[in-house]
Structure formats: structure tokens, C-alpha cells
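Novice: Sharing a structure here in C-alpha cells format.
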Amino acid sequence: MSRFDTARWAVVEESGDGRWRLSIRDEADDELGALGLGVEGVWDPDVEAHVAFVLVQLGLTLRGARPWHEDELGDQRAPVLPLG
């Protein structure tokens, strides 16, 4: 069983100075894991593609044709599914 089998959301927040943090959350929005991203810049085009790559490395994939949206906290949020 993978650490992220119950993952339902990828949430990316800007930490300031162009730095970004990715958290993986379950259906209840509890954090399953988080990591700083090794890329700096603006969300589109610098960060979004990098996040998709990292998600695959974690065994996850984005769900939907246009998955990313800004949530009520101003973070980027997208639904995910485990690969497999």
C-alpha cells in the first residue's frame, strides 16, 4: 500500500520569493505529505509543469482536462488519483 493511496487533492501554495510548497491531501483535506518544490518562478509556465512531473514520481496523476483552480485560500488546487 502506497502512502498516497487515499490522495484526492494536490495543493500548491506560494511560500514567498517565488518558492512553492506541494502538499498531498485526502478527501477530508488532511495532509498526507508535503515537500518544497525545487523550482522557482511564477505558477504558469514555471511551476505547473514541474508539479505534474513530481506528482507522477509520487505515483499520482491529475484528474480532469483542466484540473487546476485557485481555492479559497489563494492556493492552486487540483484533484488527483493514484496511478495504477
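Novice: Only loop residues by DSSP count here, and only those with at most 13 other Cβ atoms within 10 Å; note down the GluC sites (Glu not before Pro) in the range 13-84 that meet that.
Specialist: Filter output for the range 13-84: GLU27, GLU40, GLU72.
Novice: In the chain, what percent of the accessible surface is made up of carbon and sulfur (1.4 Å probe, ligands and nucleic acids excluded)? Mind showing how you got there, number by number?
Specialist: On the way: 2420 of 5010 Å².
Of all accessible area on the chain, carbon and sulfur atoms account for 48 percent.
Novice: Once the Cα atoms of the chain are picked out, what are the Rg and Dmax in Å?
Specialist: Using the Cα atoms of the chain, the pair Rg, Dmax is 11.9, 36 Å.
Novice: For the chain, what does the helix formula give at 222 nm: sum of -39500 (n - 2.57) over DSSP H segments with n ≥ 4, over the residue count, nearest 500 deg cm²/dmol? Could you put the intermediate results ahead of the total?
Specialist: Working: 1 runs with 10 residues, N = 84.
Helices in the chain give a 222 nm mean residue ellipticity of -3500 deg cm²/dmol.
Novice: Turning to a different aspect of this structure: With each pseudo-label sitting 7 Å past Cα toward Cβ, what's the ASP17-LEU83 distance in nm, one decimal?
Specialist: Inter-label distance under the simple model: 3.2 nm.
Novice: Follow-up question, since we're still on this one. Under the definition of Cα pairs under 8 Å and six or more residues apart, what whole-number percent is the relative contact order of the chain? Present the calculation step by step, with values, prior to reporting the outcome.
Specialist: Values: 146 pairs, mean separation 25.6, N = 84.
Relative CO of the chain lands at 30 percent.
Novice: Another question, if that's okay. What net charge is computed for the residues neighbouring ARG19, neighbours being all others with C-beta under 13 Å from the C-beta of ARG19, Lys and Arg scored +1, Asp and Glu -1? Mind showing how you got there, number by number?
Specialist: Working: positive: ARG21; negative: GLU13, GLU14, ASP17, GLU40, ASP46.
Local net charge: -4.
Novice: Place a +1 charge on the Cβ of each Lys and Arg in the chain and a -1 charge on the Cβ of each Asp and Glu, then give the dipole magnitude about the Cα centre in debye, rounded to the nearest 20. Display every interim value, and only then the final one.
Specialist: On the way: 8 positive and 17 negative charges, 84 e Å.
Charge dipole of the chain: 400 debye, to the nearest 20.
Novice: Accessible area per residue of the chain at 1.4 Å probe, in Å²? Mind showing how you got there, number by number?
Specialist: Numbers: 5010 Å² over 84 residues.
Solvent-accessible surface per residue comes out at 60 Å².
Novice: Under 16 Å from the 7 Å Cα→Cβ point of ASP26, by amide nitrogen: which residues of the range 70-84?
Specialist: Backbone N within reach: 80-82.
The values are calculated or read from the model by the stated rules, or taken from the named source; none is laboratory data. The model shown is predicted, which means the values in this text are computed figures rather than measured ones. Cβ sites come from the backbone with ideal geometry, for glycine too, and all protein chains shown count toward neighbours. Protein only, heavy atoms only, side chains kept; ligands, DNA and RNA dropped before computing areas. Shrake-Rupley method; radii C 1.70, N 1.55, O 1.52, S 1.80 Å.
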